[in-house]
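The values are calculated or read from the model by the stated rules, or taken from the named source; none is laboratory data. Because the structure is a prediction, the values reported are computed rather than measured. Cβ placement follows ideal geometry from the backbone for every residue including glycine, while neighbour counts extend to all protein chains displayed.
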Amino acid sequence: MNFRDIEKKIRTPAVWALGAGIVLSLAVLSIYIAESGLQDVSDETLFRLLALLRYLSFLVCICSVYLLAAGIFRVIKRPGVFLIVQIVLFLCSTLYGAGIILIDAFILSITGGNG
């Protein structure tokens, strides 16, 4: 794989959306964890952060599933170590997105919704 192929791969919108989604969701997750330990933070603020985290995790999950499928097809056509590493990273980001969505659903079911 040459530099031009790597540059083309990096410039795709799905990769940019995945990167932005992961960075933003990790930022929101850290803010949520930091504020959930404080006593003076309202539940409404926490539920808004949780909703934002849910949508960002959905974006991460959708983009990573798309890139995972594209990577698997690419490995079938042209096997390579770099492509296998990409598949592992996309699989990890899929698991991250799905895991955050499940944790969000668990929190909402315990608290009785965001009402």
Residue selected from segment 45-66 under the condition without any contact (Cβ under 8 Å) to a residue 12 or more places away in the chain and farther than 19 Å from Phe90 by Cα, by the criterion farthest from the chain's Cα centre (by Cα) | Thr45
Quick one: how many residues across segment 74-115 are buried (at least 17 other Cβ atoms within 10 Å of the Cβ) and over 19 Å from Leu29 (Cβ atoms)?
-> 4
Condition met for Phe47 (hydrophobic (A, V, I, L, M, F, W, C), loosely packed, with under 14 Cβ neighbours inside 10 Å and farther than 17 Å from Pro13 by Cβ) | no
Residue that is surrounded by fewer than 16 Cβ atoms within 10 Å (Cβ to Cβ) and at pLDDT 85 or above, where the choices are Ser30, Ser57 = Ser30
Please specify each residue of segment 22-44 satisfying the condition of being small (Gly, Ala, Ser) and without any contact (Cβ under 8 Å) to a residue 24 or more places away in the chain.
-> Ala27, Ser30, Ala34, Ser36, Gly37, Ser42
